[in-house]
């Protein structure tokens, strides 16, 4: 979202309509992105100066500032100083007091010399650190923009529409995905009611169109602008639907105006999550995460894990895979594989990533490399496992790499197990036992269980099998036999019956009869 001073709206005809950016503004968006990219490792003051020059060339300075505001959320600024600035200032002020004040350049130099002596550092370091933490002197450490110029325009238009809702007192929405809409309203703790709209749409047999009216809790007593930021966040869910229309009553400095947005407007949710709610840096990452999490694997995917040291900077990988046998993230060996997706288009980004990967040590790293970058061999030279992709990352390719790690982990876990185990349980599944031991089920393949018999995938003491067998008989209905076995904790009825010398004679879909083999 933007700040209110960057809001661009038209009030013609008593309305309240955002002035969106369009394709004609694409060159300007490209220049804003390029300005940020070109000022990495330079001060914020230098960056702001370059952006002010762009404002002079643009028709509306607010558009430049709005685009830059969006870019700031992909930028990371840091204070770079040889000595902590607050410590330097303290020492310099003490030195200045000892000199009865500093007025001339020569007196300043003497004060800095004394401060340097007290801190046991070079005077140049004192001078460089004195005010290095001021905002304009902070350095643009990195700029990892998750979109191209078109994506930036989409982000700007969404943020502009959200900002226009800051002063809304009531929002009325019709959506082709009402379930997601109501869910978001509840999540934002807003009040709502569902009304039939004027155009019910029942004449042609289509479902009745309903309107969701959203207000804040204060609406019970008075009209309030307190919930504008929540309305703005709600717009993200609204704009994800294929068809939608939003009408809002806005308090424009005491004058009520009507804001109308719909799927005809250039309000889209870009592949990258918007400002303040970033989840993925690109659609490639979001797509991969969605497909990977749909698999039943012994690996748990986490987004943006802990930073990794790369020289004097840090790198935050896109993902991490944690080995979790049995699906329990708290079980199993403490083993993590980091995953980075290289798909950005700028040479500066590629060079920075290669430098970071070369400096990362003592971690397992998998890197998905867009084939168009042509740097697969360079990445491989960093000891990272390389997965080439085009368009989207193939989940199978990544899983194949994880399987190689998994085979080694299973072998190590199996080697650490004793030759035989005697669980205290009368009945226990291999899955439960593996989870308890912190290994995968495969690691139990070569372990002996002298006091249990393996029935399907369950370990059972012979006494339990004998007791269950005493209650079974030839000709018993399969449902009754299944109930007996369930009482003894034998969930796999087919395997248990086979072990006890029975088979099932099925009679269609209605059931079957237990017969001795």
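Derivation of every value follows stated rules applied to the coordinates shown; laboratory data play no part. Quantities reported herein were computed from a predicted structural model and do not represent experimental measurements. Ideal geometry is used to build each Cβ from the backbone, glycine not excepted, and the neighbour counts take in all protein chains shown.
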By average C-beta atoms within 10 angstrom, highest first, the peptides 496-502, 254-260: 496-502, 254-260
Cα convex hull of the stretch 79-176, projected area averaged across orientations, nm²: 12.1 nm²
Value of [θ]222 nm, deg cm²/dmol, for the chain, DSSP H segments ≥ 4, -39500 (n - 2.57) each, nearest 500: -12000 deg cm²/dmol
Distance from the stretch 128-197 to the stretch 428-454 (C-alpha centre basis), Å: 50 Å
Pairwise Cα inverse-distance average, inverted: Kirkwood Rh of the stretch 26-79 (Å): 11.2 Å
Largest-first ellipsoid semi-axes for the chain, taking √(5λ) over the Cα gyration tensor eigenvalues, angstrom: 57, 39, 22
Ranked packing of 137-143, 153-159, 482-488, most packed first, by mean Cβ within 10 Å: 153-159, 137-143, 482-488
Computed Kirkwood radius, in angstrom, where 1/r is averaged over Cα pairs of the stretch 427-516: 14.0 Å
Crossing angle, helix 105-119 versus the chain [Cα axis fit, 0-90 degrees, rounded to tens]: 30 degrees
Antiparallel content of DSSP bridges confined to the chain, in %, to 5: 80 percent
Calculated P(r) of the stretch 399-438 - Cα pairs past 12 Å, %: 69 percent
Chain lengthening between residue 265 and residue 3 when straightened (0.36 nm per residue, less Cα-Cα): 92.2 nm
Viscosity 1.567 mPa s, temperature 4 °C, Stokes-Einstein D of the stretch 407-463 from Kirkwood C-alpha radius, µm²/s: 113 µm²/s
Rg(Cα)/(2.2 N^0.38 Å) for the stretch 1-115, N = residue count: 1.64
D_trans [Stokes-Einstein, Kirkwood Rh over alpha-carbon pairs] for the stretch 81-131, 10 °C, 1.306 mPa s, µm² s⁻¹: 153 µm²/s
log10 of Debye I(q)/I(0), alpha-carbon scatterers only, for the stretch 355-427 at 0.11, 0.17 Å⁻¹: -0.45, -0.75
Two-site FRET efficiency, residue 446 against residue 334, from Cβ-Cβ distance with R₀ of 30 Å, rounded to 0.05: 0.80
Mean separation of Cα contacts under 8 Å (6+ apart) over length of the chain, as relative contact order %: 10 percent
Rounded FRET efficiency, nearest 0.05, which uses the C-beta distance separating residue 76 from residue 117 and R0 of 51 Å: 0.90
Cα-based radius of gyration of the stretch 373-481 once divided by 2.2 N^0.38 Å, which approximates compact folds: 1.71
